[in-house]
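The values are calculated or read from the model by the stated rules, or taken from the named source; none is laboratory data. This one's a predicted model, so the numbers in the text were calculated from it and none came from an experiment. Quick reminder, even Gly has a Cβ in these numbers, built from the backbone with ideal geometry, and neighbours come from all protein chains shown.
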Amino acid sequence: MVQRHKILAVDDEPGNLQIIRLILKESYDLAFSTSGREGLHAAYKHQPDLLLLDVMMPDLNGYDLCRSLKEDPRTRRIPIIFVTAMGDVEDEKKGLQLGAVDYITKPISPPILKARVNTHLALYDQNRELEHAVAKRTRDLNTSRLKIIQQLGRASEYKDDETGAHIIRMSHYSRLIALAAGLTQQEAERLFTAAPMHDVGKIGIPDKILQKKGPLTPEEWATMKLHPEIGAEIIGEDDSELLKYARTIALTHHEKWNGTGYPRGLAGEAIPYEGRIVALADVFDALTSKRPYKNAWPVEKAMAHIAEESGGHFDPALVKAFMGIKKHVLWVLNKWGDKA
């Protein structure tokens, strides 16, 4: 069954509303208001597909009502047709400038009213379908882009981590820290999804540097320190909240609370909280993981190091939160550890 369009008519003369009802009742679901203020509340309540609006009303005139509706995100897209005895060109111009789509003069002609209403509802439906199509296309593109960036993140991990398990563990650590620090479940899940992209910039670092078994030279270290900015460039600017998180994490996860980190030397709360959280998770996992140049540290030693760096490398509040989730951290390490 096809859903009928909803039309709200606002006029302080009941006789005019009766005429509109007789003309349109067979084709549309109608609602009526006999004052501007009542019409404003009705528009918010009923969310009509089209509004027929008189101009001259005592409490709130049609122009002011139109202006209020067009300034409110809830109602700004509702097409408004002025139906009024004011037929001066300047009156019509003022209404159209306020956002109305049409102007019908009284006395109302049934064929004209029907034709104008039908036309503008058809345009309204087309615009709504187009908006939905564009929104879906945008979501699809964001999803595809996210998958590509995530794949690059995994590829970068495999360049210097044979198992790739690092991104799994540190994503779980990031979520646990976020929840322990008082972030919402939604924020924690967003961190969990974005954290694997933290080192995507390593895709732009030569393998001879990433896979070097000995200490890096000053020149090699300078090159390595470019990967946060490379990662931010790969992820790029985007309206997606998730990709905004990912970009911020990629750019700031090597900053330190005391300002001695890189690439920008940010300090304290100038470092976005998502970068601070991932920094802690990333370092803890690096310490407790075996690498070609070192053995894995015991958990107690790694946690002691994290505690020592409270106020230095790490946000003290996050260190405190991290110390309270040891059993959960151990569960992650046992499930996805290098020997698991």
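Here are a few things to note about the model shown:
- Members of segment 38-68 found to be part of a loop (DSSP other than H, G, I, E, B) and in contact with a strand residue (DSSP E or B) (Cβ under 8 Å, 6 or more places away or on another chain), listed by number: 47, 48, 49, 54, 55, 56, 57
- Hey, residue 132 in a helix (DSSP H, G or I), at pLDDT 90 or above and not aliphatic (A, V, I, L, M) or not: no
- Among the residues of segment 81-97, the ones that are hydroxyl-bearing (Ser, Thr, Tyr) and in a loop (DSSP other than H, G, I, E, B) come to 0 in all.
- Residue in segment 98-118 that is touching an Asp or Glu at 6+ places or on another chain (Cβ under 8 Å) and either within 24 Å of residue 5 (Cα to Cα) or loosely packed, with under 10 Cβ neighbours inside 10 Å (or both) present: yes
- Subset of segment 98-127 [of a type in the set (S, T, N, Q) and either in a helix (DSSP H, G or I) or modelled with pLDDT of 90 or more (or both)]: 109, 118, 119, 126, 127
- Residue 15 assigned by the TED database to the domain that holds residue 99, crowded, with 20+ Cβ neighbours inside 10 Å and part of a helix (DSSP H, G or I): no
- Filtering 296, 286, 302 for residues that are over 28 Å from the mean Cα position of the chain (by Cα) and outside any helix (DSSP H, G or I) leaves a single hit, 296.
- Contact map, segment 322-338: first residue within 10 Å of residue 177 (Cβ to Cβ), second residue among the β-branched types (Val, Ile, Thr) and surrounded by 13 or more Cβ atoms within 10 Å (Cβ to Cβ), Cβ cut-off under 8 Å, separation 6 or more or different chains; pairs are 322/177; 322/306; 322/329; 325/177; 329/299.
- Pair list, Cβ < 6 Å and 6+ apart or interchain, from segment 92-108 residues that are of a type in the set (Ser, Thr, Tyr) to residues that are at pLDDT below 90 and not in a loop (DSSP other than H, G, I, E, B): 103/92; 103/95
- Selection count, segment 181-220, where residues are within 23 Å of the chain's Cα centre (by Cα), more than 18 Å from residue 247 (Cβ to Cβ) and in a helix (DSSP H, G or I): 3
- Remark: pairs (first residue in segment 231-250, in a loop (DSSP other than H, G, I, E, B); second residue at pLDDT 90 or above and surrounded by 20 or more Cβ atoms within 10 Å (Cβ to Cβ); Cβ separation under 9 Å; 6+ apart in sequence or on different chains) = 236/247; 237/247; 238/246; 238/247; 240/246.
Yes/no per residue for (1) acidic (Asp, Glu); (2) more than 20 Å from residue 117 (Cα to Cα):
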residue: 11; (1), (2): yes, no
residue: 29; (1), (2): yes, no
residue: 32; (1), (2): no, no
residue: 63; (1), (2): no, no
residue: 70; (1), (2): no, no
residue: 88; (1), (2): yes, yes
